[in-house]
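The structure appears right after this line, and notes come after that.
The values are calculated or read from the model by the stated rules, or taken from the named source; none is laboratory data. Just so it is clear, the model here is predicted, and its values are computed rather than measured. Here the Cβ is made from the backbone with ideal geometry for all residues, glycine too, and neighbour counts use every protein chain on show.
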Amino acid sequence: DVTSVAKKDLGLRPYNSTNEYSFFRGVSATINLYKGFDITPFVSFRKLDASQALDNNGDLVQSTVNQTGLHRTPSEIANKNALNQQVFGATLQYHKNEFSLGTIAYHSQYGNRFITQKALYDQFSFTGKSLTNLGIYYNYTYKNIYLYGEGGKSMPGGMAYLNGALISLSPTISAAITHRNYQRNYHNFFNQAVAESSEAVNEKGIYMGLNINPDKHWAFSVYGDYFRFPWLKYRVDAPSKGYELLGQVIYTPDKNYKILLRFKTEIKQQNTDAKVPVNFLDDVKREGYRLESIWQASPKWRFQNRMEASQYHKGPGKPEFGYLIYQDVDYSPMFARITGNIRLAYFHTPSYNSRIYAYEDDVLYSFAFGMYNGEGFRTYLNLKCNLGKKLNIWARYAMFYYRDVESIGTYLDEIQGNRKSEIKIQLRYQF
């Protein structure tokens, strides 16, 4: 759904993801002050994984915060719980009919000082031990138009804002438009705004999308996103720009069968690979093609097939073409003691540049986007067993089999051979 760019304030929610970074640990409550007015104060105390170093004065400083939650290697173990984080603040929100307006203010304090890296593109990154963020957000529904937006100011640092609209043009057509502007020196450790980059910083852009559902069998979607990066980025030694286009068709002949066809193209800019005295930017073009079918053969059995292709082309270089084919089988009878699913995939991509990502089922509260890179096979099996009314167990086995490789990974992650496997077991007792 290309109109899913609009986000609403959902208030306090329990955190149930396996990600070990994106949450608070502390105390909070929502209090109704007066009719339509709610205040939500919060305070959080946590220890984060972070890489440390010594500055010229011999003091500990931080360069990066690790978000993987993994503690396998000596450096990962040394980084465990290395950084104290304290966050406190509050939101104040007003609701009336179809209108909502809110403000937020919070202060983040860290045990050690953050420093910037030496690279020029990193010169506007956050430095120091404390950061204050202020923000305002709104949404309003008028007839068939939903307006929304938010703005933020970091101290120290710059500003960021976003405004958009969802419009129901007819019973079968809906549209979305969003404009964003994130300054290069805006800092926010918790932002999740619409952005081409992984963070809402150093980016300007406009997004437009359209959904068309002429009847119950057909659904058409298209969107375009144009963006600019006013400052430098990693491997981009000048201001750059790009765009992304996507078109998708879904045909559902009946409630048990669905066919999806998707095309996506993207152009960004990156330093040239040519050996020149001064770097200039080359266009990097990526295209993706997807054909997928889903068949609910019976209440117990579900089959999903996908064929996906990717193409990568940078500047005057030679284009790369990769593809992925997989078959999923899902066995989920109602009230059954044992359920599960399996995947068998074959992939061939010449290099990392033409890699393909695909969603993978996992154990409870976990998921993965498998990266298919190189040539080989991928398979996994997930099982769930209900041992009792309150006791459940999940198990997962997954394996990559690569052709024509003698080792996988590097350093302490290196595996001798051409197979990489993973086993997970998860037990849940409800009380």
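Summary table below
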quantity: Every pair of residues 6+ apart whose Cβ atoms lie under 7 Å, when the first sits in the range 96-111 and is in contact (Cβ under 8 Å) with a residue 24 or more places away in the chain and within 17 Å of ILE145 (Cα to Cα) while the second is among the polar types (S, T, N, Q) and surrounded by fewer than 18 Cβ atoms within 10 Å (Cβ to Cβ); calculated: GLU98/THR141
quantity: Spans of strands (runs of 3 or more DSSP E) in the range 131-188 with at least 2 residues crowded, with 16+ Cβ neighbours inside 10 Å, basic (Lys, Arg) and in contact with a helix residue (DSSP H, G or I) (Cβ under 8 Å, 6 or more places away or on another chain); calculated: none
quantity: Residues satisfying the stated conditions in the range 409-431, i.e. of a type outside the set (Asp, Glu), under 25 Å from ASN373 (Cα atoms) and either in a loop (DSSP other than H, G, I, E, B) or in contact (Cβ under 8 Å) with a residue 24 or more places away in the chain (or both); calculated: GLY409, THR410, TYR411, LEU412, GLY417, ASN418, SER421, ILE423, LYS424
quantity: Members of the range 170-185 found to be without any contact (Cβ under 8 Å) to a residue 24 or more places away in the chain and farther than 27 Å from ASP122 by Cα, listed by number; calculated: SER170, PRO171
quantity: Within the range 222-239, tally of residues that are touching a Leu at 6+ places or on another chain (Cβ under 6 Å) and within 23 Å of SER310 (Cα to Cα); calculated: 3
quantity: Top-ranked residue in the range 229-270 [being in contact with a Lys or Arg (Cβ under 9 Å, 6 or more places away or on another chain) and acidic (Asp, Glu); ranked as surrounded by the fewest Cβ atoms within 10 Å (Cβ to Cβ)]; calculated: GLU266
quantity: Flag if SER354 is modelled with pLDDT of 95 or more, within 30 Å of GLN269 (Cβ to Cβ) and hydroxyl-bearing (Ser, Thr, Tyr); calculated: yes
quantity: Within the range 94-111, tally of residues that are surrounded by 17 or more Cβ atoms within 10 Å (Cβ to Cβ) and farther than 28 Å from LYS35 by Cα; calculated: 2
quantity: Which listed residue, of SER154, SER240, is more than 21 Å from PHE126 (Cα to Cα) and at pLDDT 95 or above; calculated: SER240
quantity: Filter result (surrounded by 14 or more Cβ atoms within 10 Å (Cβ to Cβ), within 21 Å of GLN426 (Cα to Cα) and of a type in the set (Phe, Trp, Tyr)) within the range 330-386; calculated: TYR331, TYR380
quantity: Failed item, numbered, when VAL2 is tested on (1) under 18 Å from SER130 (Cα atoms); (2) of a type in the set (A, V, I, L, M, F, W, C); (3) in contact (Cβ under 8 Å) with a residue 40 or more places away in the chain; calculated: (1)
quantity: Residue within the range 394-408 that is of a type in the set (S, T, N, Q), over 30 Å from GLU287 (Cβ atoms) and in a strand (DSSP E or B) present; calculated: yes
quantity: Residue list for the range 56-98, restricted to those being touching a Lys or Arg at 6+ places or on another chain (Cβ under 9 Å), modelled with pLDDT under 80 and not hydrophobic (A, V, I, L, M, F, W, C); calculated: ASP59, GLN62
quantity: Residue in the range 408-427 that is under 18 Å from ALA336 (Cα atoms), among the charged types (D, E, K, R) and over 27 Å from the mean Cα position of the chain (by Cα) present; calculated: no
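Every residue, every condition in (1) over 20 Å from PHE189 (Cα atoms); (2) free of Cβ contacts under 8 Å to residues at least 12 places away in the same chain, yes or no:
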position: PHE45; (1), (2): no, no
position: GLY58; (1), (2): yes, yes
position: ASN79; (1), (2): no, no
position: ASP122; (1), (2): no, yes
